[in-house]
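Single-structure report; data block below.
Every number here is computed from the coordinates shown, using simple stated rules; none is lab data. What you see is a predicted model; the values in this text were computed from it and never measured. Reconstructed Cβ throughout: ideal geometry from the backbone, glycine too, with neighbour counts over all protein chains shown.
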Amino acid sequence: MDGERPLEEWPRHAVLEATRREAGIDYNDLWLRYFSLTGDAAPLEIEAYLQGLMPLPLMQQDILAHALYECLANGHKPGSGGDPHAHPDGGPTAS
């Protein structure tokens, strides 16, 4: 996905993944928060959704977005980096 597209035009999974990666939130930490909020997708399903490899029901997307928000609100600072799952090109997954 190129950096010239406005954020509003990015697919939801790409926005969530870019935010997760920028904040340095580990997939497992995000999944634990998601699961604690009644999310029912498996960890691998969450990672695949964020990578644009599989769909996720809208309700589960909402729970995942809320989990990401909670991770950010509880101390993850954007730009802290350190995510071993970051893409080599630094951009969100193309859809």
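Numerical summary
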{"item": "Efficiency of FRET from Cβ geometry, GLU4 and ALA73, R₀ 25 Å, rounded to 0.05", "result": "0.25"}
{"item": "Segments 52-58, 42-48 sorted - mean Cβ within 10 Å per residue, highest first", "result": "42-48, 52-58"}
{"item": "Footprinting exposure proxy for ASP40, ASP26 (fewest neighbouring C-beta atoms within 10 Å first)", "result": "ASP40, ASP26"}
{"item": "For the range 37-42, 3J(HN,Hα) per residue [Karplus equation, 6.51 cos²θ - 1.76 cosθ + 1.60, θ = phi - 60°, Hz, x = Gly/Pro]", "result": "9, 6, x, 10, 7, 6"}
{"item": "The range 10-73 - Kirkwood radius from inverse mean 1/r over Cα pairs (Å)", "result": "11.3"}
